[in-house]
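Asks: Dropping the structure in here first, questions after.
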Ligand code: NDP
């Protein structure tokens, strides 16, 4: 019965959102997991909760015109999908990357609903961005683009309505330019964006939060396997915000990160990646990961990012982008005796890859649980902004740690309660879905 119902819902999603393959993939995973919940609670089907959750409350698309340094007019497309506000104001990052289209923003926004529910903080789900590529642009070009983007977005967001943050291609610099424009247009100084600079409303630990949170979550997965980080070889894909701070925390806990990547290729340093060098190349010089081997000739650089999963490791932390770990990559990791995979990026593993991990007893931490530390700390930033005070680094870090433990407990608890003990994918989906669905039921058909 439930499976027929879910097929029907899935059929509608595909028909109503043609070509949005990443969105279909994200919905399918959740729908499959919550089948057991709908079996037990027929009122969710009667009230069409799932059909309502898969339809964004609001989708905004807009023109973003700007002038480049040579005086040419450029036109990009801006997006904000306000997906679900059942448990709080819409919350989720902005992605600036040439691959961005509505399907990517919707998959990210949909995932965000359940992730945010798991954080134990009161935030709904949303996501946005643009097909603008900050790479190779001057600071002034990035500023003009961000100002134009915010000139439309400002009318849709607000500290109690919708609070965007960063994602791929949107870091402190872009948040600064957008915040400045929002402040100018509205004549208000509010916590309308998170990931702000520390001098003007940002929270300590926000920069590190996704990477640190990922490592705290994987720590629990390792504990359940009777082990820890000490002496483990780790491969981390990407070399952006998530990858850098996951690497830092893994090193602190005694592991050795031996490989990192960017969209061109990957480096392997069996002696352990020197993170200060990666940080300087990627964060300060905005250069390429291959430049690492100029300083450490005993390390190797391999062109092409996919091969990173063939590097033997105990723990893999995919932290670059969606669908970067396919079935072949998963099989290579299993063959090399990888014991745990924690998703730092959003939906980095394909469904086939997840199946390979689960069939081979590889502990698997899904993104919406494992990388929720970033948005959770954004919620802590909102909290500090509302109170007009700032907590210390240790205070925020401790709260982050507690939240990641709570997320882990919710996932394992929900999985056990619904007969799929140990399945963190199902556990995360079920726990998130239950919280949002119950709130939607209580608030009537809106
Ligand atoms: P950044 O823009 O800081 O970094 C992205 C990194 O991934 C860059 O090193 C980029 O390389 C690399 N990359 C992009 N595509 C590929 C690819 N196909 N293969 C290998 N590397 C690639 O982004 P974030 O670190 O913020 O985000 C990374 C992931 O984490 C995304 O999926 C994001 O949605 C997710 N995430 C981020 C959060 C955050 O707080 N920032 C919170 C939760 C999830 P290059 O320099 O060549 O572009």
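The values are calculated or read from the model by the stated rules, or taken from the named source; none is laboratory data. Only a predicted model underlies this, so the values are computations on that prediction, with no experimental measurement involved. In this analysis, Cβ positions are derived from the backbone assuming ideal geometry, glycine residues included, and neighbour counts consider all displayed protein chains.
Asks: Is it the case that residue 225 is touching a strand residue (DSSP E or B) at 6+ places or on another chain (Cβ under 8 Å), away from the ligand (no atom under 16 Å from the Cβ) and under 24 Å from residue 306 (Cβ atoms)?
Replies: No: the conditions fail for residue 225.
Asks: Tell me which of these residue 208 doesn't satisfy, since it passes every other one: (1) assigned to a helix (DSSP H, G or I); (2) in contact with a helix residue (DSSP H, G or I) (Cβ under 9 Å, 6 or more places away or on another chain); (3) away from the ligand (no atom under 14 Å from the Cβ).
Replies: Tallying (1) assigned to a helix (DSSP H, G or I); (2) in contact with a helix residue (DSSP H, G or I) (Cβ under 9 Å, 6 or more places away or on another chain); (3) away from the ligand (no atom under 14 Å from the Cβ), residue 208 fails exactly one: (3).
Asks: Assess whether residue 195 counts as being buried (at least 19 other Cβ atoms within 10 Å of the Cβ), within 15 Å of the ligand (Cβ to nearest atom) and within 20 Å of the chain's Cα centre (by Cα).
Replies: yes
Asks: May I ask you to say which residue of 359, 410, 384 is out of contact with any strand residue (DSSP E or B) (no Cβ under 6 Å at 6 or more places or on another chain) and free of Cβ contacts under 8 Å to residues at least 12 places away in the same chain?
Replies: Working: 410 fails: free of Cβ contacts under 8 Å to residues at least 12 places away in the same chain; 384 fails: free of Cβ contacts under 8 Å to residues at least 12 places away in the same chain.
Going through 359, 410, 384 in turn, the sole match is 359.
Asks: Please find, among 368, 435, the residue that is in a helix (DSSP H, G or I), closer than 23 Å to residue 316 by Cα and in contact (Cβ under 8 Å) with a residue 12 or more places away in the chain.
Replies: The unique qualifying residue is 368.
Asks: Out of the residues in the range 321-359 that are closer than 16 Å to residue 261 by Cβ and in a helix (DSSP H, G or I), which is nearest to the ligand (Cβ to nearest atom)?
Replies: So, considering only residues that are closer than 16 Å to residue 261 by Cβ and in a helix (DSSP H, G or I), the one nearest to the ligand (Cβ to nearest atom) is 329.
Asks: Look through the range 306-317, keep the residues that are surrounded by fewer than 21 Cβ atoms within 10 Å (Cβ to Cβ) and either in a helix (DSSP H, G or I) or at pLDDT below 95 (or both), and return whichever of them is nearest to the ligand (Cβ to nearest atom).
Replies: Step by step, filter the range 306-317, then rank; the result is 306.
Asks: Please list, ordered by residue number, the strands (runs of 3 or more DSSP E) wholly in the range 218-297 having 1 or more residues that are touching a helix residue (DSSP H, G or I) at 6+ places or on another chain (Cβ under 8 Å) and without any contact (Cβ under 8 Å) to a residue 40 or more places away in the chain.
Replies: So the answer is 256-261, 265-268.
Asks: Here's a check for you: in the range 257-285, which residue that is under 24 Å from residue 372 (Cα atoms) and surrounded by fewer than 20 Cβ atoms within 10 Å (Cβ to Cβ) is nearest to the ligand (Cβ to nearest atom)?
Replies: 263
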